[in-house]
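No lab work stands behind these numbers, since they all come straight from the coordinates. This is a predicted model, so every value here is computed, not measured. Using ideal geometry, Cβ is built from the backbone for each residue, glycine included, and neighbour counts are taken over all protein chains shown.
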Amino acid sequence: MKFVLSAAFNDPGHLPAIARAADESGWEALSLSDHVVHPEKLDTPYPYTEDGSRRWPAFTPWPDPWVTIGHLAAVTRRLRFSTNVFVLPMRNPFLVAKAVSTAALLSQGRVTLVIGVGWSNLEFELLGQNFRDRGRRCDEMIEVLRKLWSGEMVEHAGEFYRFDALEMTPPPPERIPIWVGGFSEPALRRAARNDGWLSDLQTGAEIVECIQRVRAHRVRLGRDETGFDVMASPSDAAGLDDFRRLEENGVTHLLTIPWMAYHGPTQDLEQKLDGVRRFADDVIARMR
C-alpha cells in the first residue's frame, strides 16, 4: 500500500514545507482538493453528509490545484501529485488538457488526474457549464483529453465537442493516469473504464463493497485488475492491521491527513510537519 497526504484545508503557504517533508519521508503523493468559489447559500445539497451541509466553513482556502502542483513539483524530487477530486465537466477540456499536461511535463510525469462530476450547480453556472449533462460530458471530455495528450494531430466529432485536425504541444512525457471519485453506480462504472477509483470518507466495509462493484463492472468490460488503483479514505481505519486488511481487499493507496492522529486539526505548521514525519515512521515504514 502507498500513502497519499491530503492537503485539503491548509494554509497555502504551508504547502511547500509539507510537500518537502512528505517527499523526504517516504510518502507516495500529495493530493489537492478543488473548489473555485464557496457560495454562501447552496441550491444543491452536499451529497456526502447526512444533512447536506458542507464539511468546511466559508473562507476555507482552495488554491488552484494545477498552479499549486506546478510550484510543489519544483520544490520536490520524487513525490507524486493528484487531485481529490478535480471537477472535470465544470471546465473547458482544452484548458484542462493544457494545464495538466504542462504540470505532468514539468514534474517529469509525477501527476495523476483524479476526477469527479461535481455536485454544486452554482459553480457550474458561474463557470458557464451545463450541470444536467455533466456525466455524459465528463465521459466525452476524457476521450478528448486522451487525444490531446497524444502529441499527434487529432480530430474529434462527439455529442458535445467537435474539432478538425489539430495538435497540442507539449504533450505529457508519459501516459497520465485518470482515476474517478464517487460511489454512485455511474461513478463506479466510469472508474471501471479508467485507471482507478477514489473513495469518499467511508468505512472500510463500504470501501470494500464499492471495490467489489467496480470489479464487477471491469469483468463486464473484459478488463482485469492489472494497473487498476484504488485510493481510499477510510473513516474507521486506525492502525496497521486495518490498513493491511484494506490492502488485501484491493486498496492500493490510502489518503489521509497525518497530523490528525498526533495533534488533531491543528493549523500550526511545525505540528503538521511533525505529523507527516511521525506517520511515515510509525506506519509507512512498517507497512513496507
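Amide H contacts of residue 255: 4, 232, 233, each under 5 Å away and 5 or more positions distant or on a separate chain (H built 1.01 Å from N in the peptide plane; Pro and chain starts excluded).
By the beta-carbon count within 10 Å of each Cβ, the least crowded to most crowded order of 127, 148, fewest first, is 127, 148. Across the range 280-286, computed HN-Hα scalar couplings (Karplus, 6.51 cos²θ - 1.76 cosθ + 1.60, θ = phi - 60°) run 4, 6, 6, 10, 4, 4, 6 Hz from first to last residue, x flagging Gly and Pro. Each of 56, 119 has some number of other Cβ atoms within 10 Å of its Cβ, and from fewest to most they run 56, 119. What the phi angles of the range 141-148 give under the Karplus curve with 6.51, -1.76 and 1.60, with θ = phi - 60°, is a coupling list of 4, 4, 4, 5, 4, 4, 5, 5 Hz, glycine and proline written as x. Contact order, relative form, for the range 1-104: 35 percent (alpha carbon pairs under 8 Å, 6 or more residues apart, mean separation divided by residue count). On the principal axes of its alpha-carbon atoms, the range 1-151 has extents of 43, 39, 28 Å, going from largest to smallest.
Taking the Cβ of each residue in 188, 254 as the centre, tally the other Cβ atoms inside 10 Å and list the residues starting with the fewest.
Values: 188 21, 254 24.
Ascending Cβ contact count within 10 Å gives the list 188, 254.
The residue among 181, 47, 94 whose Cα reaches farthest toward the positive pole of the charge dipole of the chain, with charges on the beta-carbon of Lys, Arg, Asp and Glu, is 94.
The per residue volume of the convex hull around the alpha-carbon atoms of the range 2-287 is 131 Å³.
Summed over qualifying helices (DSSP H, 4 residues or more, each -39500 (n - 2.57)) and divided by its residue number, the chain shows a 222 nm mean residue ellipticity of -11000 deg cm²/dmol.
The separation of the range 224-288 from the range 112-132, counted between C-alpha centres, amounts to 29 Å.
Distance from the alpha carbon centroid of the range 1-26 to that of the range 158-216 works out to 24 angstrom. In this structure the amide hydrogen of residue 33, modeled in the peptide plane, comes within under 5 Å of the amide hydrogens of 7, 8, 84, none closer than 5 places in sequence on its chain. Using θ = phi - 60° in the Karplus curve 6.51 cos²θ - 1.76 cosθ + 1.60, the 3J(HN,Hα) couplings for the range 52-63 round to x, 8, 6, 7, 9, x, 4, 6, 5, x, 10, x Hz; x is entered for Gly and Pro. Placing a pseudo-label 7 Å from each Cα along the Cα-to-Cβ vector at residue 287 and residue 24 gives an inter-label distance of 2.2 nm.
Here's how it looks for residue 111: its modeled amide H is under 5 Å from those of 81, which are all 5 or more places away or on a different chain.
Under the criterion of Cα pairs below 8 Å and six or more residues apart, the relative contact order for the range 182-281 equals 24 percent.
If R0 is taken as 25 Å, the Cβ-Cβ distance between residue 152 and residue 226 corresponds to a FRET efficiency of 0.45. Within the P(r) computed for the range 166-288, what percentage of the Cα pairs occupies the region above 23 Å? Here the tail beyond 23 Å accounts for 43 percent of pairs. Computed over neighbours whose Cβ is under 13 Å from that of residue 63, the net charge equals -3, Lys and Arg +1, Asp and Glu -1.
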